[in-house]
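A quick write-up on the structure given underneath.
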Ligand SMILES: [Fe+2]
Ligand SMILES: [Fe+2]
């Protein structure tokens, strides 16, 4: 599979995870569901273990440098996206700390809810910029030989939830995401 297809697939999977996260937050806020720290932690752990350890580092190491070389006018855009990668990882860790703080007291959930919604918006905006600006520029300016190392790097990614061998750890979350995002289950 080529890198463009893999990157778009990974964005789609992250988008579904964020959508499920947002719906869970709403269910808890509207008191239709009790806060489930294990489920929230599984979401954050999946994002941390895949987005920040595989997806973003490969964009930083393989995709972005080639774009700056082939199309130097994209340099500022790429610098901003790389800064997003660092900030996103920091926000995710802070969110995990907020979750720990809220875990023992449901009344504190409002704090987690607000921080989590900001984080969801942040990662959506980041992905949106890559989809609408970076990928079209790469399609336009890369030579066929540029894609070979990028294709090879991204094809080694193994997603622990949506990949070939999903981890047991994400089984409950993956079922929920399928029901919410594919079968449009309102979670009630
Ligand atoms: Fe990125
Ligand atoms: Fe990305």
Next on the checklist: Please check: in the Gaussian network model of the chain (C-alpha springs, under 10 Å), which one of 20, 102, 92 has the largest mean-square fluctuation.
Outcome noted: 102
Checklist outcome for this item: Taking every alpha carbon pair in the range 133-181 and sorting the distances into 10 angstrom bins from 0 up to the bin holding the longest one, the percent per bin comes out as 21, 31, 25, 22, 1
Checklist entry - Among 81, 38, 18, whose mean-square fluctuation peaks in a Gaussian network model of the chain (Cα, cutoff 10 Å)? => result 38
Next on the checklist: Over the Cα atoms, compute the radius of gyration (one decimal) and Dmax (the largest Cα-Cα distance, rounded to a whole number) for the range 3-182, in Å.
Outcome noted: 17.4, 56
Checklist entry - Quick one: helix 144-155 against the long Cα principal axis of the chain, what's the angle to the nearest 10°, folded into 0 to 90? => result 30 degrees
Checklist entry - Which residue fluctuates the most in the chain, going by a Gaussian network model with Cα springs under 10 Å, if the choices are 145, 174, 155? => result 145
Next on the checklist: If you fit an axis through the alpha-carbon atoms of helix 3-29 and take the longest principal axis of the Cα set of the chain, what angle between them do you get, 0 to 90°, nearest 10?
Outcome noted: 20 degrees
Checklist entry - Under the rule of -39500 (n - 2.57) per DSSP H run of 4 or more residues, summed and divided by the residues of the chain, what mean residue ellipticity at 222 nm is obtained, to the nearest 500 deg cm²/dmol? => result -21000 deg cm²/dmol
Item to check | Inter-centroid distance (Cα atoms) of the range 18-84 relative to the range 109-188, Å | outcome: 7 Å
Next on the checklist: Using Cβ contacts closer than 10 Å as the measure, can you line up 27, 59, 76 from fewest to most?
Outcome noted: 76, 27, 59
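A short reminder: the numbers here are calculations on the coordinates, not readings from a lab. What you see is a predicted model; the values in this text were computed from it and never measured. As a convention, Cβ positions derive from the backbone with ideal geometry for all residues, glycine included, and neighbour counts pool all protein chains shown.
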